[in-house]
1. Of all residues in the stretch 32-68, which are under 26 Å from G14 (Cβ atoms), more than 30 Å from the chain's Cα centre (by Cα) and in a loop (DSSP other than H, G, I, E, B)?
2. Would you check if R383 is surrounded by 16 or more Cβ atoms within 10 Å (Cβ to Cβ) and either under 27 Å from the mean Cα position of the chain (by Cα) or outside the structural domain of R232 (by TED's automatic domain parsing) (or both)?
3. Criterion first (closer than 21 Å to V261 by Cα, outside any helix (DSSP H, G or I), among the small types (G, A, S) and touching a residue at least 12 places away in the same chain (Cβ under 8 Å)) does S223 satisfy it?
4. Evaluate the stretch 302-319: report whether one residue or more is within 16 Å of the ligand (Cβ to nearest atom), assigned by TED's automatic domain parsing to the domain that holds G385, part of a helix (DSSP H, G or I) and surrounded by 10 or more Cβ atoms within 10 Å (Cβ to Cβ).
5. Could you tell me which of the residues V282, V215 is surrounded by 17 or more Cβ atoms within 10 Å (Cβ to Cβ) and in contact (Cβ under 8 Å) with a residue 24 or more places away in the chain?
6. For the condition within 16 Å of the ligand (Cβ to nearest atom), in a strand (DSSP E or B) and closer than 26 Å to A276 by Cβ, what is the one hit in G355, G335?
7. For the stretch 290-301, state whether one or more residues are away from the ligand (no atom under 16 Å from the Cβ), in a helix (DSSP H, G or I) and either within 20 Å of D318 (Cβ to Cβ) or in contact (Cβ under 8 Å) with a residue 12 or more places away in the chain (or both).
8. Return yes or no: is A399 under 28 Å from the mean Cα position of the chain (by Cα), in the same structural domain as V241 (by TED's automatic domain parsing), away from the ligand (no atom under 13 Å from the Cβ) and among the small types (G, A, S)?
Amino acid sequence: MFPWSLQPRRPWQGRRVVLGVTGGIAAYKSIQLARDLTLLGSQVDVVMTEAARRFVGPLSFEGVTGRRVARSLWSADGSALHLSLGRDAHLFVVAPATADFLARAAHGRADDLLTTVLLATRAPVLLAPAMNHRMWDHPQTGANVQHCRDRLGYHILGPHEGRLGAGEGSGMGRMVEPSHIVEWCGRLLSGRTGSLSGRSVLVTAGPTREPLDPVRFLGNRSSGRMGFSVAREAWLRGADVTLVSGPSSLPDPVGIRVIRVETARDMLGAVEAHVASAQIVVYAAAVADYRPMKPASRKTRKSHTGDRLTVELGVNPDIAAETASLTPAGGIRVGFALETDDLLERAGEKLRAKGFDLIVANPAGEDDAGFDVDTNRVTILDRHGGTQDLPLLLKDEVAGRILDRVESLLEGGMASGAAL
Ligand code: C5P
């Protein structure tokens with residue numbers, strides 16, 4: 001999945017990214033990275049080392065960024081470039097970062113254009129190492145990485161375990177996939193201190209499954225998209241995010257602690273374990289209200305039940321209500337209400353009954369809003385009686401609007417939509 005592709009606009013317009021490419025086979029993947037960063041609106045200046053140019057041609061990068069690749073310090077361009085690129089960058093990414101580059105970066109060398117730009121920049125620096133696992137395991141590489149991270153404040157992403165270059169089998173040293181690097185770029189472009197930096201956010205998402213027997217369950221049509229979007233948006237704003245999700249086909253969002261659960265009672269347990277340390281809790285899960293009281297231990301057969309099966313259902317715990325008192329003082333709690341009728345009235349009742357600060361009301365039964373679609377049309381109600389109608393938006397954008405309201409509450413701002 002590449003969630004940024006859902007964005008209809010170019011959210012990073014006006015942002016300048018320097019993409020350093022050093023000499024490893026993973027350099028071919030950096031063409032995709034350069035393309036994705038460009039499509040998101042940023043101006044991407046690729047700086048290649050001499051070794052990188054042995055693996056991929058500058059023309060490929062020029063084709064996807066529309067800008068000349070910078071290569072040499074020893075040219076009329078290069079002498080001024082190291083200052084202007086470094087000074088003007090909002091983000092400095094090196095992918096792949098080889099062992100040699102990490103060593104030169106750690107020692108503050110300025111022996112080529114890339115390391116010189118690195119010394120000249122004050123932008124956040126993101127390094128995605130890639131190398132043979134023996135080189136990664138070498139204590140000197142470890143010391144260089146530690147120095148880059150702890151002393152210089154560079155963000156080190158990966159490497160991951162996986163298949164290495166041809167003939168090398170698998171091991172620790174594979175570059176993190178470009179789509180993950182793009183996500184991290186988004187987080188760092190939101191500023192070194194994103195608006196939710198230092199905050200802990202807990203989000204519930206998806207449906208729950210309540211077993212009838214070992215192969216069947218009661219569930220609902222929730223895909224998890226709204227909750228995943230909220231979790232991802234909070235992470236992009238710098239928060240530390242835990243996502244408790246019922247069964248969903250969506251992959252784990254980058255950078256987020258994901259706890260997968262099945263039943264409402266499992267979800268309650270996971271929320272109870274994490275809610276006390278969360279300043280923001282967003283209950284976006286479509287929790288099953290009922291569960292079969294006595295799930296069968298073996299598959300139920302028609303030959304045993306005849307033409308009718310009666311299942312006794314019990315009420316599930318209300319996770320939002322039961323964990324209200326566990327949220328730290330000053331914490332913000334957000335609920336969702338999906339209704340087929342009397343939407344705003346019922347949403348208001350739920351807001352009061354479950355002690356939410358905000359509730360997001362969305363109509364059920366519309367083609368482009370609610371379950372299993374990328375868009376949503378919601379109204380945000382607050383505890384002071386204010387309402388804010390939002391137009392039809394992508395769920396990612398709805399997530400952003402919800403978190404804007406949360407941030408304004410945290411700052412002690414008016415919660416009322418009317419005041420915005
Ligand atoms: O299902 P209902 O409309 O009451 O859901 C309202 C809010 O309460 C939602 O935010 C939902 O995630 C939460 N909820 C919950 N546990 C339940 C039922 C609902 O946390 N058992």
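1. R68
2. So R383 fails the test.
3. For S223, the condition - closer than 21 Å to V261 by Cα, outside any helix (DSSP H, G or I), among the small types (G, A, S) and touching a residue at least 12 places away in the same chain (Cβ under 8 Å) - is met.
4. yes
5. V282
6. Step by step, each of G355, G335 is checked, and only G335 is within 16 Å of the ligand (Cβ to nearest atom), in a strand (DSSP E or B) and closer than 26 Å to A276 by Cβ.
7. Checked the stretch 290-301: no residue is away from the ligand (no atom under 16 Å from the Cβ), in a helix (DSSP H, G or I) and either within 20 Å of D318 (Cβ to Cβ) or in contact (Cβ under 8 Å) with a residue 12 or more places away in the chain (or both).
8. The answer is yes for A399.
The values are calculated or read from the model by the stated rules, or taken from the named source; none is laboratory data. Bear in mind the structure is a predicted one, so any value in this text is a computation, not a measurement. For neighbour counting, all protein chains shown are included, and Cβ atoms are generated from backbone atoms with ideal geometry for every residue, glycine included.
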